[in-house]
Amino acid sequence: MDINTPTFNLKAVVQETGIKPDTLRAWERRYGLPEPNRSSGGHRLYSQRDIDTLLWLMNRQNEGMTISRAVDLWRSLEEEGRNPLRVPEYTLGGHNTPTVQGEEIKIMRKRWIDACLAFDERTAERTMSQAFAVYPVETVCMDILQMGLQNLGEGWYEGKVSVQQEHFASALAMRRLDSMLGASPLPTRPGRILMACPPGEEHVFGQALLQLLLRRRGWETIYLGSNVPFERLETSVEIMRPHLVILAAQRLATAAALKEMAEILHQKRITVAFGGRIFTQMPSLRQRIPGHFLGETIKIALDRVEDLVPMPPPTPEPAPLDPIYRSALSDFQVNQLQINARVSQLMRTEPVTTSQISSANFNLAQNIISALQLGDTELLNTDIEWTRGLHVNHKINSMILPHYLKTYAKASEEYLGKAGQPLMEWFDSIIHHVSNGSSDEHGRKGTTNGNGSMNIH
């Protein structure tokens, strides 16, 4: 059969390509591709060439092009007298991702970082525009924006970048993602994905980037944003009935909230996937969430979603919370306010302000509750190490942290009963560690972009 013979109806094309009928009609109306014939009854009839054209356009989208850019490329190849389906670098089985020269992308990333450090919006935006003209969207977003923000976060942790510089860069990066998301094509694949961050989680760049790249692969995504209350998520799920819910957490406290969200969704038989920096730092946390871990990178997460929609494997069942931790959690929550007040009283003669002590008390108590909810006090160690490294990098008195922890342990001992034993054992261990360990080493190895429980400075 000749590939130009109009043979296939709309239903057959949808089954072959996965593109929704509305999207097919929109592409035909806006771009003149494909160009189906009509039956005597006025119904669309597509040829094999039409189907190959659609698959070709989808491949260009998967490689980072917008649909309009893909159509322009198709037209330009035709104007050159070339059959787009026969051009080797654009064949259906090929890939059109330019080879990224490591040094070139590093130079662009450094130029963007330097512009952000200088609060030079014009140069930063010009650099991004130049990068998008040369490289696919995925490459620019991950190798310049994402890695650039990571480098700036490391600079802040090391005391070389100000909070204002980091926030300036984050705002530019988020604005760029928002503009690309608004220009992304309509969904072409079946399955709806709902995305959200749990209560207290404000770090959203990774989740926003994942949404953009999923949209560019044709998925229908709905993003609820940061700091989503439990009630709002439940209501949204009831209305939208998503095939998959993706949750993200970057800190210990928000990982505990994510766990609670995942449990609620699991009870409703909604498939949950999750990710975020905290699950990379603490792999053991992954086994405590009733959901599917998306992987340690955006690239892995994109492929993982392909396996979860629309036929997900069974959800892993986490082990129940040990009764010892359940009792310790209850004991600490009942006495938390008195413990914090006692710590503030004991620290009033130290060279720190009342607001600094209050902030440290709040963060440490929040992390203690989260670790007990997750059933492992050792989860607190990473945050303490991060704080210790921060103090070294910012030249803060190295004795403040161990002294504060000793004071908090003393206040806890006064108020906690026998049920608080797991927490008191952790205090004994961590105080010994921070009092005798090498602060300089941890200052060099500290995790960036964290939220220290004892960030007194």
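The values are calculated or read from the model by the stated rules, or taken from the named source; none is laboratory data. All figures in this text were calculated on a predicted structure; none of them were measured in a lab. Backbone-built Cβ (ideal geometry, glycine too); neighbour counts: all protein chains shown.
A few comments on the model shown:
- Which listed residue is closer than 24 Å to P422 by Cβ, surrounded by fewer than 13 Cβ atoms within 10 Å (Cβ to Cβ) and within 30 Å of the chain's Cα centre (by Cα), from A319, A360: A319
- Where a residue in region 344-357 is under 17 Å from N397 (Cβ atoms) and its partner, wherever it lies, is surrounded by fewer than 16 Cβ atoms within 10 Å (Cβ to Cβ) and among the charged types (D, E, K, R), with Cβ under 9 Å and at least six apart: I357/R348; I357/E350
- Failed criterion for S184 (all others in (1) under 30 Å from V14 (Cβ atoms); (2) over 21 Å from the mean Cα position of the chain (by Cα) hold): (2)
- Which numbered condition R69 misses (of (1) farther than 23 Å from P190 by Cα; (2) in contact (Cβ under 8 Å) with a residue 24 or more places away in the chain; (3) in a helix (DSSP H, G or I)): (2)
Let's see how each residue does on (1) modelled with pLDDT under 80; (2) closer than 20 Å to F205 by Cβ; (3) touching a Ser or Thr at 6+ places or on another chain (Cβ under 6 Å):
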residue: W56; (1), (2), (3): no, no, no
residue: N62; (1), (2), (3): yes, no, no
residue: P84; (1), (2), (3): no, no, no
residue: D120; (1), (2), (3): no, no, no
residue: A131; (1), (2), (3): no, yes, no
residue: I144; (1), (2), (3): no, yes, no
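- All positions within region 31-67 that are loosely packed, with under 12 Cβ neighbours inside 10 Å, out of contact with any strand residue (DSSP E or B) (no Cβ under 8 Å at 6 or more places or on another chain) and among the hydroxyl-bearing types (S, T, Y): S40
- For region 21-59, taking the residues that are in contact with a Pro (Cβ under 7 Å, 6 or more places away or on another chain) and part of a loop (DSSP other than H, G, I, E, B), the one that is nearest to P187 (Cα to Cα) is identified as P36.
- Residue in region 219-236 that is of a type in the set (D, E) and in contact with a strand residue (DSSP E or B) (Cβ under 6 Å, 6 or more places away or on another chain) present: yes
- Some residue of region 363-383 being part of a loop (DSSP other than H, G, I, E, B), out of contact with any Phe, Trp or Tyr (no Cβ under 6 Å at 6 or more places or on another chain), under 16 Å from A409 (Cα atoms) and not aromatic (F, W, Y): no
- Looking across region 187-235 at every residue that is of a type in the set (F, W, Y) and not in a loop (DSSP other than H, G, I, E, B), the one that is farthest from the chain's Cα centre (by Cα) is identified as F230.
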